[in-house]
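Undergrad: I am attaching a structure below and will ask some questions about it afterwards.
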Amino acid sequence: MRALLALMLTASLYSQVVVIPGGIGTIPGSTSGGGGGGGSSITWVPTRTSGTMLTLPAIAANSMGVGSYSCPTAIAAGATVTISSGTGFVWLALGDDCTVKARHNVVASCSSGCTAVSGSSGFLSSDLPLYEIAVTSGVLAGSGTAKLATVRSTAITAGSGLSASTVNGVITLSSGGSFPPLSAESESYEYEDFLSGTCQVNVTYNGGLGWQLNSNSGGDTVSCTSDVAANHPGVLTATTLSGSGNDASVKWPSVSITPSDTFTYRALVKASSASSVKLTVAITDDNFNNVSTDGCYFEKLEADTNWFAACMSGGVASTRQDTGVAVGTGWVAFQIQRTSASNIAFKTATTLGGLSAATALNVTTQIPTVNLRPAFFVESRTAATKSIAIDFADLRLTGLTR
């Protein structure tokens, strides 16, 4: 029921059509710049061919827009403006009808591709200003002023469950009537916010998805609490007994990530202490203990001051990679992602939102070949209790065929 509600909410958020107009001076159809805010720029400057003639450069279709409309055509092959007499100005603009206007208060004419507008006093509010140049006694000034501000193109890519269409340079994103961003035939998604369920030890009732909190081997004793804090509406905290070697694990036992799954797993956790403790955020095949034979994981061993990333297959671990992120007592977001059959990418950030911009550490050796499940581990290495708090976890599988 919870998963269905999440889908219904998602559908309501994404079933609307989003229209993104070109806007003044933008390049609506551009795909440069890689994901929104890239590097292309556009300027438009005529050439003073003689004292009485300006040669206007071509304007490619859909490369400029006026207001909320992108112009499909403007000057396909350029044009010229010729001055006959007078003292004043010429104001070149893209009008709201998507034609180039040579507004002026002198005597001037335009070739095909441009419209001369006499008796003007400047740009209109509906114009996209392009260029301004002075005229003295029928002679153009040596140079004018470019009015089209340099702008950056924006790349638009339709993500999963969305489609994009371009008409007259206006990009429209729509959902296609399904449940974006989830396409059930090829994707699966679940998340845990720990807003429901009760704290149970050795029972699969924690959280809405049934996480299991275990007191592990050796007579260990653990406890758990459900907490609420600012910006963290549901938190499950697992705490060890006050004894060196006492440990606890929190696992999602109903999940099975197969070796062929393309997955992204994220979690937001906080440790009670950065010293005399072992910590692990993992996907692993182990039911009761820390990663022992197979898994991909972030870990903090007793002597570590930073978080490390590694994978293990058949009991053989890859080279541990230092994330450069210090172990502390604040919230840390982790991401473990299979980007290809032979690569697992690890990311850390201070927030879940920061993961997208974080630099990935890639592990290409000892990739597990068995089914895995999300899990968390905490072990006290001194005569004191240690805990790990879990605020959020989610798992997305893609590339499914069903």
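The values are calculated or read from the model by the stated rules, or taken from the named source; none is laboratory data. Model, not experiment: these values are computed from the prediction. A quick note on method: Cβ atoms are made from the backbone with ideal geometry, for glycine too, and the neighbour counts reach across all protein chains shown.
Undergrad: Return yes when ALA93 is among the small types (Gly, Ala, Ser), at pLDDT 80 or above, in contact with a Ser or Thr (Cβ under 8 Å, 6 or more places away or on another chain) and in the same structural domain as GLY142 (by TED's automatic domain parsing) and no when it is not.
TA: For ALA93, the condition - among the small types (Gly, Ala, Ser), at pLDDT 80 or above, in contact with a Ser or Thr (Cβ under 8 Å, 6 or more places away or on another chain) and in the same structural domain as GLY142 (by TED's automatic domain parsing) - is not met.
Undergrad: Further, regarding this structure: Among the residues of segment 98-110, is any assigned to a loop (DSSP other than H, G, I, E, B) and either closer than 20 Å to VAL66 by Cα or not assigned by TED's automatic domain parsing to the domain that holds GLY78 (or both)?
TA: Yes: one or more hits.
Undergrad: Okay, next question. Which residues, counting only those in segment 239-258, are modelled with pLDDT of 90 or more and not β-branched (Val, Ile, Thr)?
TA: Of everything in segment 239-258, those that are modelled with pLDDT of 90 or more and not β-branched (Val, Ile, Thr) turn out to be LYS251, TRP252.
Undergrad: Which of the following residues is in contact with a Pro (Cβ under 9 Å, 6 or more places away or on another chain) and of a type in the set (S, T, N, Q): ASN371, ASN343, ASN362?
TA: Only one candidate qualifies: ASN371.
Undergrad: Please name all residue pairs, on different chains or six or more residues apart, with Cβ atoms under 7 Å, provided the first residue is in segment 186-200 and is without any contact (Cβ under 8 Å) to a residue 60 or more places away in the chain and over 15 Å from ARG396 (Cβ atoms) and the second residue is assigned to a strand (DSSP E or B) and hydroxyl-bearing (Ser, Thr, Tyr).
TA: GLY197/TYR205; THR198/TYR205; CYS199/THR225; CYS199/SER226
Undergrad: PHE263 - would you say it is modelled with pLDDT under 95 and not polar (S, T, N, Q)?
TA: No.
Undergrad: Can you tell me how many residues within segment 111-130 are in a strand (DSSP E or B) and closer than 17 Å to THR87 by Cα?
TA: 2
Undergrad: State yes or no: is GLY295 touching a residue at least 24 places away in the same chain (Cβ under 8 Å) and on the phi > 0 side of the Ramachandran plot?
TA: yes
Undergrad: If you don't mind, another one. Can you find, within segment 228-247, the residue that is surrounded by the fewest Cβ atoms within 10 Å (Cβ to Cβ) among those that are within 13 Å of GLY207 (Cβ to Cβ) and not hydroxyl-bearing (Ser, Thr, Tyr)?
TA: Of everything passing the filter in segment 228-247, PRO233 is surrounded by the fewest Cβ atoms within 10 Å (Cβ to Cβ).
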